[in-house]
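First up is the structure itself, then whatever we jot down about it.
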Amino acid sequence: MSDKETSVKAPRHVAVIMDGNGRWAKKRFMPRVAGHRAGVKSVRAVIEGCAQRGVEALTLFAFSSENWKRPAEEVSSLMNLFVQALEREVDTMHRNGLRVRFIGDRNLLSQQLQQSMAQAEQLTANNAGMVVLIAVAYGGRWDLVQATKKLAQLCVAGHLKPEQIQEDTISDCLELKGVPEPDLFIRTGGEQRISNFLLWNLAYTELYFTDVLWPDFGDDELAAAFAYFSQRQRRFGLIAEQLAAAVEGDTKPTVSESR
Ligand code: IPE
Ligand code: IPE
Ligand code: MG
């Protein structure tokens, strides 16, 4: 991180689609899994870079609901890589005071992976540093479905009336409950789409797309994404003059930036 950067307001929550591992490997005539392996060092760099810049939460999309449809061999290599990477990295993360959490449908994962995930969450639960949320077997639509089921159950049990449902009622049933909404979204690999990531939570997130493939993404690329973020005026539906007035009066605009 450069000195110049320290004055720039950092996003509280950064959400990343780590894309382009397969193409990175293909360019080098290597198997796709080599690209996934090479991507681990970018994960490290981004965790470190975000923590240094004062980010409170970092969500990393590692495996989507749709990725189950990839060739079985790639799916199983990815699952093995998750177990290995977790076992290798979790102690360092713990030493650095980070909290690790997983979002997604963990029932679909192997017992071994579920165990490693639970251990990592327990070990780091009381740390005070940045929370790293790893999305595995996650889909934005799955998240909305599981939240809807919870709400329906509460209604059927008589604990909630349908007319009491507010936006917060839904947010509180989603996987990112308790975490501020993402301020900055980064997608590497050149595609400009959401690919069923955090559908509800990205409503007002600033979107940053780069052609850089994930294994080539490091601290300089992260700095570029933060620079882009610092140039955005977040209006949340208001007009620019209202925001200026809020700054002058040193009061916040009436719409809260994040929960
Ligand atoms: C992202 O890289 C990692 C996962 C989806 C698990 P890809 O594997 O999608 O790489 P490309 O898009 O084929 O290059
Ligand atoms: C999105 O990447 C999912 C992850 C990075 C985990 P994909 O490579 O699966 O997305 P699509 O298929 O190109 O939309
Ligand atoms: Mg891809």
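Laboratory data are not the source of any read-out in this text; all were calculated from the coordinates shown. All values derive from a computational prediction rather than experimental measurement. Glycine also receives a Cβ, built like all others from the backbone with ideal geometry; neighbour counts cover every protein chain displayed.
Is there a quick way to get the dipole size of the chain? I mean about its Cα centre, with the Cβ of Lys and Arg at +1 and of Asp and Glu at -1; what is the value in debye to the nearest 20?
Details: 31 positive and 32 negative charges, 134 e Å.
In total the dipole reaches around 640 debye.
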Calculate the length of the line joining the C-alpha centroid of region 173-190 to that of region 9-66, in whole Å. 14 Å
Taking all pairs of distinct alpha-carbon atoms in region 121-259, Kirkwood radius in angstrom: 18.0 Å
Out of Phe209, Ser116, Ile165 - ranked by how far each Cα lies towards the positive end of the dipole of the chain, with unit charges on the beta-carbon of charged residues - the top one is Ser116
GNM top mover of Pro180, Pro71, Pro11 - the chain, alpha-carbon springs below 10 Å: Pro71
Kindly state, to the nearest 0.05, the FRET efficiency for Val75 paired with Glu163, given R0 = 51 Å and r defined as their beta-carbon distance. 0.75
Helix-only [θ]222 nm of the chain, DSSP H runs n ≥ 4, -39500 (n - 2.57) each, per residue, nearest 500: -13500 deg cm²/dmol
Note on the chain: the mean projected area of its alpha-carbon convex hull, in nm², is 16.1 nm²
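Over the chain, what is the mean sequence separation of C-alpha contacts under 8 Å (at least six apart), divided by residue count, expressed as relative contact order in percent? Mind dumping the intermediate values first?
Details: 373 pairs, mean separation 69.6, N = 259.
Contact order relative to length: 27 percent.
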Is there a quick way to get the dipole size of region 72-119? I mean about its Cα centre, with the Cβ of Lys and Arg at +1 and of Asp and Glu at -1; what is the value in debye to the nearest 20? 300 debye
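Please give the FRET efficiency for Cys155 paired with Leu199, using the beta carbon to beta carbon distance and R0 = 30 Å, rounded to the nearest 0.05. Present the calculation step by step, with values, prior to reporting the outcome.
Values: r = 22 Å, r/R0 = 0.74.
That gives a FRET efficiency of 0.85.
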Report the number of Lys pairs in the chain whose alpha-carbons are under 16 Å apart, with separation of 8 or more residues or on distinct chains. 5
